[in-house]
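Beneath this line is the structure, given in structure tokens, with notes to follow.
A short reminder: the numbers here are calculations on the coordinates, not readings from a lab. Small disclaimer: the values here were computed from a predicted structure and weren't measured. Because the Cβ atoms are built from the backbone with ideal geometry, glycine has one as well, and the counts that use them run over all protein chains shown.
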Amino acid sequence: MQLRVFPDNLKEWLALRLNLVPMPLLHAQVLPVISRAVLEAVDGGVFEAIQNGHTTTEAIAGACGFDVRATTQLLGVLTSVNYLQFKKKEYRLTRITRKWILADSPDTVRDLAIYNNRIVWPWLEKMGEYLKTGKGLQYHDSLQADDWELYQRGMWAGAISEAKEFARKVPLPKNATQMLDIGGSHGLHSVETCRRYPGITATILDLPGAVEKAAPLLAKQNMGDRVVHQVGNILTDELPESTYDLILMSSVAHHFTEEQNILVAQKAAQALRPGGVFIINEFIRPDPQAAPELVGSSTDLFFGLTSTSGNWSVEEINTWQRASGLTPLRAIGYQAIPGRFQVGARK
Ligand SMILES: C[S@@+](CC[C@H](N)C(=O)[O-])C[C@H]1O[C@@H](n2cnc3c(N)ncnc32)[C@H](O)[C@@H]1O
């Protein structure tokens, strides 16, 4: 996937073709403002205010506790990116905001936006430092209790759009019964897998701060004993031998160094039953010689900054799997999330 600018008319088309438009200003001036405006609007409840009938600028400002003039400017930005429509002095939600942002939509990414607004945004200011030192943050070591809650809710919102597709496509061995979800947090991948395959039960292994705040999210899924949390640290804890048919590690490899990922692959290999499958579910670092890809590249830098690691290529992941005695399977991409793959291997 790529970010493109579409001209509104022939004059603009020509200006773009002739390289007369200073494109870096789009990235340097326009996009940072749009990003922050969207985050503040979600966090401030602009879209829920409109859903609840506050459709004029004054009413939206009143419902959100915002200044009227500043709200006019904010709503202008949101309308320009098709998050809102403006007709007869009233704002209306669009299909983007109704499906993806409203708190009561089953597809909402709202909590990820709130996490990004409150916790992640200040991290981005450290990018210059990261580029000089190569040392990013290790945020799992420094999150406070309230941050853990925003983090876990954010991860839940980020996983909603892929969890069903994960379960539909996962190369599950026949007669599988036991799943381990390393760093599984909210457990949505396990929940959707267990819903699709009634014979399976899942254990979600995660750090104490995560389990404490993710437990209420899992409880809402009403899975009872079929999906349970286990407090632990995959880097220091041992796994039981020949126990699991499916071991998933989703969005965790980008936090770990190569040595740590090799260690996890070895632990997973010995914890799988024969025929069992180990899946690393990740954004993949694009090959710079191939076509540019927006999601894989931006998440690679983001995870470098926030975890001093980053995305890995399919080949790198397969190398860890092979070194642990597993046989790599064909990587499976997502329709819903560009740049993201299930990179599996069988014992
Ligand atoms: C980015 S979240 C991914 C959550 C979920 N798997 C998903 O795909 O949405 C990373 C998770 O890994 C957990 N984690 C990080 N280091 C870990 C470790 N050493 N052992 C177990 N879990 C860990 C974090 O607490 C967090 O819940």
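Structure notes:
- The stretch 1-102: projected area of the alpha-carbon convex hull, averaged over directions, in nm²: 7.8
- Environment charge of Asp43, counting only residues whose C-beta is closer than 12 Å and scoring Lys/Arg +1, Asp/Glu -1: 0
- Local net charge near Lys213, Cβ-Cβ under 14 Å (Lys/Arg +1, Asp/Glu -1): -4
- Note on the stretch 135-206: Cα-Cα pairs beyond 19 Å make up 42% of the total pair count.
- Applied to the stretch 207-214, the Karplus parametrisation 6.51 cos²θ - 1.76 cosθ + 1.60 on θ = phi - 60° returns per-residue 3J(HN,Hα) values of 5, x, x, 5, 4, 4, 8, 8 Hz, with x for Gly and Pro.
- Within-12-Å neighbourhood charge of Thr72 [Cβ basis; K, R +1; D, E -1]: 0
- Were the residues from Glu129 through Lys174 laid out at 0.36 nm apart, the gain over their Cα-Cα distance would be 11.3 nm.
- Under the Karplus curve 6.51 cos²θ - 1.76 cosθ + 1.60, θ = phi - 60°, whole-Hz ³J(HN,Hα) for the stretch 266-274, x wherever Gly or Pro sits: 5, 5, 5, 4, 6, 8, 7, 6, x
- Its relative contact order, with pairs defined as Cα atoms under 8 Å and 6+ residues apart, puts the stretch 10-108 at 21 percent.
- Dipole magnitude (debye, nearest 20) for the chain, charges at Cβ of Lys, Arg, Asp, Glu: 1220
- For the stretch 112-202, the set of GluC sites (Glu not before Pro) satisfying both a DSSP loop assignment and a count of at most 10 other C-beta atoms within 10 Å is given as Glu125.
- The stretch 82-229: C-alpha pair distances exceeding 28 Å, %: 34
- Scaled radius of gyration (Cα, divided by 2.2 N^0.38 Å) that the chain gives: 1.08
- Straightening the chain between Gln2 and Asn19 buys 4.3 nm, computed as 0.36 nm per residue apart minus the Cα-Cα spacing.
- Residues Asp104 and Thr56, FRET efficiency given R0 of 25 Å [Cβ-Cβ distance, rounded to 0.05]: 0.65
- Contact order for the chain, expressed relative to its length and based on alpha carbon pairs under 8 Å spaced 6+ residues apart, stands at 14 percent.
- Ordered by the count of other Cβ atoms within 10 Å of each Cβ, fewest first, Asp141, Asp67, Asp107 give Asp141, Asp67, Asp107.
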